[in-house]
Amino acid sequence: MPDTPPHVKVNVQEVRTRNLAAREIVANLSAAMPSIEDLWLRLYAALADVPTLVSEITRLAAVLAKVRRDRANLVAAGRATLKADRDAEPDPLYYLRDELRAQGHLPPDAWGRS
């Protein structure tokens with residue numbers, strides 16, 4: 001399952017494989033029993049939704065991974081800021097400002113760094 005993000009409980013590769021197998025079965029059955037063409041068309045339509053859903057799961061998993069990473073980085077920056085304040089560093093908010101800037105929540109600094 002190389003293309004399944006770690007926190008997704010759906011094995012998208014397996015879903016793709018089963019969907020292709022189901023399409024093949026429906027194609028063979030529809031050729032053997034053309035009298036129920038309407039049923040085959042409805043099954044084809046239902047099976048055609050699966051690749052779209054798999055793509056959406058993959059896209060949403062990537063979005064979620066970025067949100068989790070950003071949150072973890074903000075937590076780390078917050079902890080570093082608190083530690084810097086306890087250690088009486090001259091600019092303890094540097095860590096928080098730096099991470100907020102890196103995530104695009106603050107404009108670039110005076111030297112143009114983002």
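Each value in this text was obtained by applying a stated rule to the coordinates, not by laboratory testing. A quick note: this is a predicted structure, and the numbers were derived from the prediction, not measured. Because the Cβ atoms are built from the backbone with ideal geometry, glycine has one as well, and the counts that use them run over all protein chains shown.
Across the range 56-68, computed HN-Hα scalar couplings (Karplus, 6.51 cos²θ - 1.76 cosθ + 1.60, θ = phi - 60°) run 5, 4, 4, 5, 5, 5, 5, 4, 4, 4, 5, 4, 5 Hz from first to last residue, x flagging Gly and Pro. Rounded to the nearest 500, the helix-only mean residue ellipticity at 222 nm of the chain stands at -25000 deg cm²/dmol, with each DSSP H run of n ≥ 4 adding -39,500 (n - 2.57).
Three principal axis extents of the range 47-114 based on alpha-carbon atoms, in descending order, are 62, 27, 10 Å.
Taking Cα centre as origin and charging only the Cβ of basic (Lys, Arg, +1) and acidic (Asp, Glu, -1) residues, the dipole magnitude of the range 12-103 rounds to 180 debye. In terms of Cα atoms, the Rg and Dmax of the chain work out to 25.2, 82 Å. Modelled this way, with points 7 Å down the Cα-to-C-beta line, the labels at VAL63 and ASP109 are 3.3 nm from one another. Computed from label points 7 Å out along Cα-Cβ, the spacing between ASP38 and VAL75 is 5.6 nm.
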